[in-house]
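Read through the structure below, which is laid out as structure tokens, and then see the notes.
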Number of protein chains: 2
Amino acid sequence: MTRSPKADGKGRKLSNFLCFAVYSANLAFGRAYKPILDAVGLTYTQYIAMVALAEADDLTVSALGEKLFLESNTLTPILKKLEQSGYISRARDPADERQVRVSLTKPGRRLLEKDLGGLLVEACGLGDEFPVVQKSVVRLRDNLLRNTKDKQDGT
Amino acid sequence: MTRSPKADGKGRKLSNFLCFAVYSANLAFGRAYKPILDAVGLTYTQYIAMVALAEADDLTVSALGEKLFLESNTLTPILKKLEQSGYISRARDPADERQVRVSLTKPGRRLLEKDLGGLLVEACGLGDEFPVVQKSVVRLRDNLLRNTKDKQDGT
DNA sequence: TCCGATTAAATCGGACCCGATTTAATAATT
DNA sequence: AATTATTAAATCGGGTCCGATTTAATCGGA
């Protein structure tokens, strides 16, 4: 045990922190995407939301939030902006007026066909490791979320 | 070639996006740290800034920003809060009044000795892979930043 | 049926992140 | 030495993130 950055007395350096690696890699992705997304008037989060919608359309805000690990407090303003931009549509579900259904519009779908994300695969510089790293980070995320869910009920 | 998420026609799913893996893992880290950091009145970014200062004290805002991949526009308000909390000190450098020197205080140093980050290593659930993933993500970040730096000068 | 839960979005305030600008101090040029 | 250029922080506005609350619609038990 004790695989902590410090482990044996010393070494508690920023460069050993996995959380910082992820934090700074996320900043780096945002900066790498910026020039590409600026050209089409999207932010990073807005783009990710659209990719999520490309898989499964006509989602409620909650359902979309589950895919994105976000809630309505964060999502609502983002979706409103995407609606203003004309890339998505928002409408109350007639069967349950509490819910708002979100879908890509034609222009939104057209934009995604350009595969803006693919432009950056090379910039990651991971070569064949790309899918390996991707899966490791997903596993990390899922472990963190699972081990964080208020575990005060030891079922 | 073509190691893009789409690659062979289809598969452009959110779950294949490395950027989304990193984005959501970063959210997960923030949530995992929250209860731990709430207890000492720090935010995630404030904590990371303190870890950076633990390695090399008496840094200027720019120098600290280089370690954190942030600039004064983001850092200044964070440092002001850390100063108010009593964990760091800020002072103009007498030799060059343009610069502000930042250092950990005694209470700040004491707080870091608790190794709050170490509490989460287990929650990552990566076992022996921990340092491997850590290094991969760092490499990813560095590649992205290098390949993004306005490369319009093909030296 | 009616009224108290429950549920889904939206709203609000505080804290990052960033591009762009401003302020103040130092360096460089003439 | 005085003016200009450069540099370091700070400021500002827009766009996330998030905990907490509010609003509105639906559900459920008496």
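The values are calculated or read from the model by the stated rules, or taken from the named source; none is laboratory data. What you see is a predicted model; the values in this text were computed from it and never measured. When we count neighbours, we look across all protein chains shown, and the Cβ atoms used for this are built from the backbone with ideal geometry, even at glycine.
Structure values in brief
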read-out	value
Unique match (being within 12 Å of DNA strand C (Cβ to nearest atom), closer than 20 Å to B:LEU112 by Cα and more than 13 Å from chain A (Cβ to nearest Cβ)) among B:GLN84, B:GLN46	B:GLN84
Residue, surrounded by the most Cβ atoms within 10 Å (Cβ to Cβ), within segment A:1-15, restricted to residues that are at the interface with chain B (Cβ under 7 Å from one of its Cβ atoms) and modelled with pLDDT of 70 or more	A:LEU14
Qualifying position, being modelled with pLDDT under 95 and either crowded, with 18+ Cβ neighbours inside 10 Å or charged (D, E, K, R) (or both), among A:LEU116, A:LEU104	A:LEU116
Unmet requirement for A:ARG109, which otherwise passes all of (1) part of a helix (DSSP H, G or I); (2) within 25 Å of B:VAL133 (Cα to Cα); (3) of a type in the set (D, E, K, R)	(2)
Residue among B:SER136, B:SER89 that alone is surrounded by 12 or more Cβ atoms within 10 Å (Cβ to Cβ) and either touching a Gly at 6+ places or on another chain (Cβ under 7 Å) or more than 30 Å from A:GLU122 (Cα to Cα) (or both)	B:SER89
Residue in segment B:78-112 that is farthest from B:ALA63 (Cα to Cα), counting only those that are within 13 Å of DNA strand D (Cβ to nearest atom) and within 18 Å of the chain's Cα centre (by Cα)	B:LYS81
Every residue from segment A:30-43 that is more than 11 Å from DNA strand C (Cβ to nearest atom) and closer than 13 Å to A:TYR87 by Cα	A:VAL40, A:GLY41, A:LEU42
Test: residue in segment B:101-118 that is closer than 28 Å to A:LEU120 by Cα and touching a residue at least 12 places away in the same chain (Cβ under 8 Å)	no
Which numbered condition B:LEU27 misses (of (1) at the interface with chain A (Cβ under 8 Å from one of its Cβ atoms); (2) within 9 Å of DNA strand C (Cβ to nearest atom))	(2)
Enumeration of residues in segment B:41-73 that are at pLDDT below 95 and aliphatic (A, V, I, L, M)	B:ALA56
Condition check for B:THR148: farther than 24 Å from B:MET50 by Cβ and among the hydroxyl-bearing types (Ser, Thr, Tyr)	yes
Filter result (under 21 Å from A:PHE29 (Cα atoms), hydrophobic (A, V, I, L, M, F, W, C) and more than 8 Å from DNA strand C (Cβ to nearest atom)) within segment B:53-75	B:LEU64, B:LEU75
Residue in segment B:51-60 that is free of Cβ contacts under 8 Å to residues at least 40 places away in the same chain and in contact with a strand residue (DSSP E or B) (Cβ under 9 Å, 6 or more places away or on another chain) present	yes
Single unsatisfied condition, B:ASP142 versus (1) modelled with pLDDT under 95; (2) surrounded by 13 or more Cβ atoms within 10 Å (Cβ to Cβ)	(1)
Tally of residues being touching a Ser or Thr at 6+ places or on another chain (Cβ under 6 Å) and closer than 30 Å to A:SER136 by Cβ across segment B:93-136	3
